[in-house]
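Presented below is the structure to which this report refers.
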Amino acid sequence: MKKLILLTLSTLLFAQTALIQGLERGSNIEKRDACALAKKTAKENYDVKDIDVGCLCEKSDSREWMCFVHFMYLPKEPAGTN
């Protein structure tokens with residue numbers, strides 16, 4: 001009986017570490033995707049001249065990613081002007 005309790009406790013402790021690491025990896029993937037989307041949106045809406053490599057992303061209370069990207073830009077010229 002003691003061995004069973006010890007085995008159960010050790011399994012829970014080791015599983016917790018793996019679970020936390022898996023959640024952190026998943027969060028990093030979501031963060032990377034959110035950052036890439038923010039950069040893509042900036043490039044679509046502005047004539048981006050220079051953009052920082054990284055970006056600052058945080059999860060809001062509604063569990064949505066909010067990303068801040070620093071870039072230098074000029075306004076996009078309307079289509080058909082030249």
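The values are calculated or read from the model by the stated rules, or taken from the named source; none is laboratory data. Quick caveat, the model's predicted, so the values are computed rather than measured. Positions of Cβ are backbone-derived with ideal geometry, glycine not excepted, and every protein chain shown enters the neighbour counts. The area values use the complete protein model at the heavy-atom level, side chains included, leaving out ligands, DNA and RNA. Shrake-Rupley method; radii C 1.70, N 1.55, O 1.52, S 1.80 Å.
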message: Counting only other residues whose beta carbon sits under 15 Å from that of N45, what net charge do I get with K and R as +1, D and E as -1?
response: +2
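What is the extension gain from D47 to S10, computed as 0.36 nm multiplied by their sequence separation minus the C-alpha to C-alpha distance, in nm to one decimal? Could the numbers behind the result be given before it?
Values: separation 37, 0.36 × 37 = 13.32 nm, distance 5.60 nm.
Additional length available on full extension: 7.7 nm.
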statement: Under the rule rounded for a/c under 1.5, else prolate if a/b exceeds b/c, else oblate, using alpha carbon gyration tensor axes a ≥ b ≥ c, the chain is classed as prolate
- line: With K31 itself left out, Lys, Arg at +1 and Asp, Glu at -1 over residues whose Cβ is under 11 Å from its Cβ give -1
Sequence-distant residues sharing a close amide H with V69 (under 5 Å, placed H): none
- request: Report, to the nearest whole %, how much of the accessible area of the chain belongs to carbon and sulfur atoms, 1.4 Å probe, protein only.
  value: 61
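Could you report the chain's accessible area per residue, 1.4 Å probe, as an integer in Å²?
On the way: 7280 Å² over 82 residues.
I get 89 Å² per residue for this part.
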query: If each of K3 and I20 carries a label point 7 Å out from its Cα toward its Cβ, how far apart are those two points in nm?
result: 3.0
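Taking K and R as +1 and D and E as -1, what net charge do the other residues with C-beta under 15 Å from the C-beta of K76 add up to? List each step's numbers first, then the result.
Values: positive: K40, K43, K49; negative: E44, D47, E77.
So the environment of K76 carries a net charge of 0.
Set the Förster radius R0 to 22 Å, insert the Cβ-Cβ distance between D61 and S27 as r into 1/(1 + (r/R0)^6), and round the FRET efficiency to 0.05. Let's see the in-between values first.
Values: r = 16 Å, r/R0 = 0.72.
The pair D61/S27 has a calculated efficiency of 0.90.
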query: In debye, nearest 20: dipole of the chain around its Cα centre with unit charges on the Cβ of K, R (+) and D, E (-)?
result: 540
statement: Tilt, helix 2-45 to longest principal axis of the chain (alpha-carbon atoms), in degrees rounded to tens, equals 0
